[in-house]
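Please treat every number below as a calculation from the coordinates, not as lab data. Bear in mind the structure is a predicted one, so any value in this text is a computation, not a measurement. No Cβ is skipped: glycine too gets one built from the backbone with ideal geometry, and neighbour counts run over all protein chains shown.
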DNA sequence: ATTATTGGATAGTACAGCTAGCCAATCACT
DNA sequence: AGTGATTGGCTAGCTGTACTATCCAATAAT
């Protein structure tokens, strides 16, 4: 398969494929001569994965590179690959060195995690992300305690336990299992987010009774 | 309150406040002379709201402007304001005019919504977003039927019904209620997303047993 | 009277994610 | 063998987003 066919098969324009090659997202094809390289099914799969992480997961290119490096590193355990994906998903949060409100939000976060009995790395960036959410809620005068978030936490855990673990194909190759894990993390997150907004719209339609809900673009 | 005090009170740098004024995100202060304007508590609140939508909700400036315009339009019902926020949250999805796989994903979406009995505007962008998620899952060979997403849908609906409706202060002014509605949409979405990733990490730690889950930055 | 601050305007920056153009080598076809 | 198209590799340019920086004249504070 040459680059033009790879482009046709994946729907990704040739210049973009070249860009991904330069950026190290896509492994080089097998060189058959100075001006020819052969790409395979694996490249098509990899491109699909890249586009999923980019378009659905909204990960920046640099983060995708790290995730893919972890996927490809055969020495990494499932848990570490998942951790890498989580790192990639967590946005950089500027540090608040001496901000008291920040520390309060952060300890509220740690308390909630402890109460739930969850096993979370002490320095996981996800902790900071949750603290940022709690801080934002409290600044805006909305309920921002761990208690208020507990129903979300419990629902999240139930979904993860009952519907995400089951879909990981442990019986296939490591690469397939690890890819499914990473994609699942990212895409199921968006699925849940979209469904929640749909549930909101439906509830709002019933509560407020409007039939047309289409603001101008 | 002068601009420097507004900056100090909100933590937003003066040039950025000027930028938000130019972009129409922040209403102008009350002019007291040619080179002086007075800002109030409302401006501080508005800045907090902007930062919440920007940093937690990750909405682009242009989308925030639309949402705020809807919040400020007293003639709009709750339902329409929420609809505007949903429009703002949904990313532009390129249209797939004659893509058969796309149409299949789209009808799978519509089928799921119909089966759930949800009231969703036929042209809501959220439908396209869900179709994109389903399409991505199916392309990657993961379960992508409406059935597979049903548990997510049901959990989402339960959370919305039992924990989001209740936190909206209908007893206060319209502006407060509407702001809480918009913020809740955006911030609770992120809260749920973060908690889901935490639940994943905890589950992964138990399943795969590792104690250190900190990949290199 | 002097120094600082303000609003208003214009221009510049930094980053992300492509996109375009060029070139010599080489391939496919006649 | 000749001819046009394609390829990989390279460098440069483009578009959009969210700010920053600078300048200025008017005014306020001391």
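Hey, could you get me the Stokes-Einstein D for the stretch A:1-56, Kirkwood radius over alpha-carbon pairs, 4 °C and 1.567 mPa s, rounded to whole µm² s⁻¹?
So the translational diffusion coefficient is about 115 µm²/s.
Hey, what did chain B get for relative contact order, percent, Cα under 8 Å, at least 6 apart?
Across chain B, relative contact order equals 17 percent.
Just report the Cα centroid separation between the stretch B:50-96 and the stretch B:163-212, whole Å.
The stretch B:50-96 and the stretch B:163-212 have Cα centres spaced 18 Å from each other.
What share of Cα pairs, in percent, lie more than 12 angstrom apart in the stretch A:55-94?
57
Over all directions, the average projected area of the alpha-carbon convex hull for the protein assembly as shown comes to how many nm²?
Averaged projected area of the protein assembly as shown's Cα convex hull equals 23.6 nm².
In Å and on Cα atoms, what radius of gyration and Dmax does chain A show?
Answer for chain A, Rg first and Dmax second: 21.2, 67 Å.
Between residue A:22 and the same site in the other copies, what are the distances in nm, shortest first, taking label points 7 Å from Cα along the C-beta direction?
Copy-to-copy label distances at residue A:22, shortest first: 3.0 nm.
Measure off 7 Å from each Cα along the Cα-to-Cβ vector at residue A:18 and residue B:175, then give the distance between these two points in nanometres to one decimal.
The answer from the label model is 5.4 nm.
Check the axis relating chain A to chain B and name the residue of A whose C-beta is nearest, distance in whole Å.
Rotation axis A onto B, closest Cβ, rounded to whole Å: A:155, 2.
Could you tell me the calculated FRET efficiency between residue B:9 and residue A:115, based on Cβ-Cβ distance and R0 = 45 angstrom, to the nearest 0.05?
Taking R0 as 45 Å, the efficiency between residue B:9 and residue A:115 is 0.85.
For the pair residue A:161 and residue B:30, how long in nm is the line joining their label points, each one 7 Å along Cα→Cβ?
Once both label points are built, they end up 5.7 nm from each other.
In percent, what relative contact order does the stretch B:36-125 have, based on Cα pairs under 8 Å that are 6 or more apart in sequence?
19
Note the per residue figure in Å³ for the convex hull of the C-alpha positions in the stretch B:132-194.
Output value, Cα hull per residue: 97 Å³.
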